[in-house]
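In what follows, a single structure is set out as structure tokens and then discussed.
Please treat every number below as a calculation from the coordinates, not as lab data. The model shown is predicted, which means the values in this text are computed figures rather than measured ones. In this analysis, Cβ positions are derived from the backbone assuming ideal geometry, glycine residues included, and neighbour counts consider all displayed protein chains.
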Amino acid sequence: MVLAPGFADILSHSRFALLAGDGRLVSKVTQGITLEIMGEGSTNAPVNERALAAETDEQTRQMNRAFLGPRGFLRWMKAIEKRGSSVNFGSFAGASTLRMIGKGLAEGAPTPEEMEEMRRAVREAMEDGAFGIASA
């Protein structure tokens, strides 16, 4: 038998399970995971109307609508906390989510205005607890 204080899943994709599913995350806990780090690529927040319009899954779009506008990242974290979780959790702001805030699904480099909108979203998300930006 080995005793360990717990393991961190640093590439967690449990954001839907934590937000709308069974927050106990039984499959993770039985593996000894006690910390979930989300945000590798996409997150439920921050979002704006452009990012919501770019979301192709209607269920995800409806779920993310709750985090529209200022302090969306903080509201997302608080929603998970209120729902309850058997593991500790934290998140980066997903790089693809941030790009959708500025560009939607459009290709090409962002304009200065789009880049500033993405920077503002990063700044606000980090003020609200995001660890930074992450992309796989």
Rounded to one decimal in nm, the spacing of the 7 Å Cα→Cβ label points at residue 3 and residue 26 is 2.8 nm
With label points set 7 Å from each Cα along the Cα-to-Cβ direction at residue 127 and residue 13, the distance between them in nm comes to 3.3 nm
Amide H contacts under 5 Å for residue 39, restricted to residues at least 5 apart in sequence or on another chain and with H modeled in the peptide plane, are 92
Sorted by chain and then number, the residues having a modelled amide H within less than 5 Å of the amide H of residue 24, at least 5 places away or on another chain, are 86
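Any chance you could run the full-extension gain for residue 60 through residue 120? It's 0.36 nm times the residue separation minus the Cα-Cα distance, nm to one decimal.
Numbers: separation 60, 0.36 × 60 = 21.60 nm, distance 2.30 nm.
Between residue 60 and residue 120, full extension yields an extra 19.3 nm.
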In order over region 102-119: 3J(HN,Hα) from phi, Karplus 6.51/-1.76/1.60, θ = phi - 60°, whole Hz, x for each Gly or Pro, gives x, 10, x, 9, 5, 8, x, 5, x, 6, x, 5, 5, 5, 5, 5, 5, 4
Which of 29, 47, 87 fluctuates most in a GNM of the chain (C-alpha springs under 10 Å)? That residue is 29
The answer for residue 104, listing residues at least 5 apart or on another chain whose modeled amide H is closer than 5 Å to its amide H, is none
With x for Gly and Pro, the residue-by-residue ³J(HN,Hα) of region 23-40, computed from phi through the Karplus equation 6.51 cos²θ - 1.76 cosθ + 1.60 at θ = phi - 60° and given in whole Hz, is x, 5, 6, 3, 4, 6, 4, 5, 8, x, 7, 10, 9, 10, 10, 9, x, 6
Candidate cut points under GluC sites (Glu not before Pro) in region 41-113, DSSP loop plus at most 13 other Cβ atoms within 10 Å of their own Cβ, are 107
Given 20 °C, 1.002 mPa s and a Kirkwood radius over Cα pairs, the Stokes-Einstein diffusion coefficient of region 7-134 in µm²/s is 146 µm²/s
